[in-house]
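The structure under discussion appears below in the form of structure tokens.
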Amino acid sequence: MSVFVSAQWLTSRLESVVPVDASWFMPDVARDSYQEWQQRRLPGAIFFDFDGAIKDTQSTLPHMLPSAEEFARHMGKLGIAPQDTLVIYDTQGLFSAARVWWMCKVMGHENVFILDGGLPAWLAQNGPLEESAAKPRVEATYVSSFKPYRYIDGETLAAKLAAVNVIDVRPAARFNGTVPEPRDGVRAGHMPGAKNLPFASLTDQQGFVIDQTEARRLVLPLLSDTRLNVASCGSGVTACILAAVAEHYFGYPIAVYDGSWTEWGSHETWPVTKEASTA
């Protein structure tokens, strides 16, 4: 199942798709993704604010998935209809775009893709840019269709931990607990039985997704044919890169643990270990 599309592919279809800027930066990065979108974007691109607006506003965790009804309301306000073909990109190559791809997929949007290499790839092939004030799209009617197999919450994961296959894409030092977590009150380490595949290994230095040969070497051996595959990370963003890669090359619809380590590591009774997985 194709997830990633090239800048060349998009160039020939720009008039028939809706580009979506899903750029987001870690809190310690001094960049403003919304301001950058205002100044420079793909022609007709919409800004998708999953960190500040399109999220569960009642949760204390960062950028958690909103309800299906809230998601539909936001999509409609953005002028996105269920039948639209969306191409998601970010300014870093491949970092946060996969999060919005996953949000759309878990809410039942069928035609949604990720621009491989993101804005840098678009610039490298001299793709056109829009630098004037963004024109709002006409509000649309949107209906969500939640796909539960693409999502897992902390309580469910804690209850089923021994029966699922967790792949944690945080850097190895965080997974192994040899460095403190960046968020206060979050324990260091990982879930018992979890496997580690740092998300940085899923892209090359230019921000393009790894090829199928590399995916077969790195990703396929970690996937289970008999247990639910669950992707986890720090706060539910980079886990979606693994979900996108696995689905693109192997057709595996991995469930993303939305709360990820921010939730798990701060929960007092959920188990944390620094021991390597023997699974």
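Coordinate-derived values only; no laboratory data. All values derive from a computational prediction rather than experimental measurement. Glycine also receives a Cβ, built like all others from the backbone with ideal geometry; neighbour counts cover every protein chain displayed.
Values computed for the structure shown
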read-out	value
Percentage, to the nearest whole number, of Cα pairs in the chain over 30 Å apart	27
Dipole magnitude of the chain about its Cα centre (Cβ charges: Lys, Arg +1; Asp, Glu -1), debye to nearest 20	380
Cα centre as origin, Lys/Arg/Asp/Glu Cβ charges: region 4-146 dipole, Debye	140
Gap separating the Cα centres of region 34-113 and region 239-273, nearest whole Å	19
Point-to-point label distance, GLU139-ARG40, nm (Cα→Cβ direction, 7 Å offset)	3.4
Projected label distance in nm at ASN111 and ARG227, using a 7 Å step from Cα toward the beta-carbon	3.9
Relative contact order (percent, whole number), the chain, Cα cutoff 8 Å, 6+ residue spacing	22
Among MET64, PRO120, LEU202 the positive-end extreme of the charge dipole of the chain (Cβ point charges)	LEU202
Gain in span if fully extended, SER2 to LEU220, counting 0.36 nm per residue against the direct Cα distance	76.8 nm
Column: log10 I(q)/I(0), Debye, Cα scatterers of region 150-225, q = 0.11, 0.18, 0.20, 0.26 Å⁻¹	-0.36, -0.90, -1.05, -1.24
FRET efficiency, THR178 to GLN58 (Cβ-Cβ, R0 35 Å, nearest 0.05)	0.50
Region 194-278: trypsin sites (Lys or Arg not before Pro) falling in loop per DSSP and having at most 13 other Cβ within 10 Å	LYS274
Percent of beta bridges antiparallel (DSSP, region 149-264, rounded to nearest 5)	10
In region 31-88, trypsin sites (Lys or Arg not before Pro) in a DSSP loop with at most 15 other beta-carbon atoms within 10 Å	ARG31, ARG40
Over region 231-279, relative contact order from alpha-carbon pairs under 8 Å, at least 6 apart, %	37
Candidates ASN176, ASN165, ASN229, ranked by Gaussian network fluctuation over the chain, Cα under 10 Å, top entry	ASN176
Region 108-186: GluC sites (Glu not before Pro) in DSSP coil with no more than 10 other Cβ atoms inside 10 Å	GLU131
